[in-house]
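Comments concern the structure below.
The values are calculated or read from the model by the stated rules, or taken from the named source; none is laboratory data. On a predicted model such as this, the values are computed, not experimentally measured, just so you know. Here the Cβ is made from the backbone with ideal geometry for all residues, glycine too, and neighbour counts use every protein chain on show.
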Amino acid sequence: MELEDLTLMFEKAHFIRAFEGALAAASDAGEVPGLVHLSNGAEILELAVASALDLPKDQVTGSHRSHGIALSLGVDPLALACEILGREGGLSEGLGGTQHLIAPESGLLGSNGIVGGQVPLALGAALSAKTLKTGGIAVSYFGDGAANQGAVLESLNLAVVLKLPVLFVCENNGFGQSTASAYAAGGTSLLGRARAFGLAAAHVDGTDPLEATKTAHRLAAWVRDTGSPAFLEASVPRLSGHYHGDAERYRTTDGRSTDPLDRLEGMILSRDVPEGLVEDMKSRAHADALAIVDEATAAPDASDTALEAFMAEAQA
Ligand SMILES: Cc1ncc(C[n+]2csc(CCOP(=O)(O)OP(=O)(O)O)c2C)c(N)n1
Ligand SMILES: [Mg+2]
């Protein structure tokens, strides 16, 4: 990867990290309705996948943990923050909230609070792209916990049977809420599971920007060129709890040793970028993210009028 691409990824990753840090603080202050599931640890992988997509022609679905995915796709951060905070000006006028993010203009078909619920939806997008010959592909993110959900397994099968252009991206952080995947899964080889359904499948270390980018591009191109589905398993650390505020009595600090952002910083420094410049990039990303979340926090709460208008339209 060129140094320019690595530094851009670094700036974006720090923006996402700071954006979510500011949201976590807003949650502590009682400003966020519902739980906040942070993406920290998965930023690099999500930016790597996004860099392989042709947006908004390609369409992406995500799980309850989709703030980072949305930002990686280029969703307007102010509208995203307003949505998460339940404010006017949100992606859905603040009526959907953190687990129901939608921004089709950026290729985000939707995120979903039902574990695994977003995966069959991506098959619909892939079938539509195939039928209409748009040249687009669908991408569906889900976790290792969701990999045990029936609709996900049916989707893996159906994607092969119908030969659909969909890239499944399984973020394996070793936990489904407070349950270790080693305990919850009968067989822990997700690649083996995907291959048994007939999918092309590969594993990446999601903390490695080079490997993640290379493999995401390879699989996305393969899906686009062949029209067939593929499966990417990415090992990513879940750097904090299942949700912000989770006491995490069920685990030690194991599995949190590598922060992908530090790893990327090391790579950039080793290519002779001055430390001062790296610190400037971080400070700028943090200041930008804080300003946006502050602006969203100051916006008016989602209004009953927006809800009534939505209900009237839905019933019409
Ligand atoms: C159908 C369903 N079952 C259970 C839940 C409760 N729940 C929310 S997130 C979660 C864990 C999901 O784990 P994983 O898919 O690995 O995603 P991660 O949180 O690790 O990103 C569970 C069980 C839910 N929202 N929906
Ligand atoms: Mg998980």
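Quick notes on this one:
- Matching option when the condition is in a loop (DSSP other than H, G, I, E, B), in contact with a helix residue (DSSP H, G or I) (Cβ under 6 Å, 6 or more places away or on another chain) and under 21 Å from residue 55 (Cβ atoms), among 164, 123: 164
- Lone unmet requirement of (1) within 14 Å of the chain's Cα centre (by Cα); (2) assigned to a loop (DSSP other than H, G, I, E, B); (3) surrounded by 24 or more Cβ atoms within 10 Å (Cβ to Cβ) for residue 94: (1)
- Of residues in the range 212-253 being surrounded by fewer than 18 Cβ atoms within 10 Å (Cβ to Cβ) and among the acidic types (Asp, Glu), the one farthest from the chain's Cα centre (by Cα): 225
- The listed residue being within 21 Å of residue 143 (Cα to Cα), assigned to a loop (DSSP other than H, G, I, E, B) and not aromatic (Phe, Trp, Tyr), out of 41, 68: 41
- Checking every residue in the range 128-141 against the condition of being within 11 Å of ligand 1 (Cβ to nearest atom) and touching a residue at least 24 places away in the same chain (Cβ under 8 Å) gives at least one match.
- Restricting attention to the range 168-200 and to residues that are assigned to a strand (DSSP E or B) and among the aliphatic types (A, V, I, L, M), the residue that is farthest from ligand 1 (Cβ to nearest atom) turns out to be 200.
- Candidate set: the range 268-316, residues that are touching a strand residue (DSSP E or B) at 6+ places or on another chain (Cβ under 7 Å) and closer than 19 Å to residue 25 by Cβ; chosen: the one surrounded by the most Cβ atoms within 10 Å (Cβ to Cβ): 296
- A count restricted to the range 154-185 and to residues that are more than 15 Å from residue 126 (Cα to Cα) and free of Cβ contacts under 8 Å to residues at least 24 places away in the same chain stands at 2.
- Test: residue 48 is more than 16 Å from ligand 2 (Cβ to nearest atom) and at pLDDT 95 or above: yes
- Which numbered condition residue 6 fails, given (1) assigned to a helix (DSSP H, G or I); (2) of a type outside the set (Val, Ile, Thr); (3) crowded, with 20+ Cβ neighbours inside 10 Å: (3)
- Only residues that are over 28 Å from the mean Cα position of the chain (by Cα), among the hydrophobic types (A, V, I, L, M, F, W, C) and in a helix (DSSP H, G or I) were counted across the range 278-316, and they come to 4.
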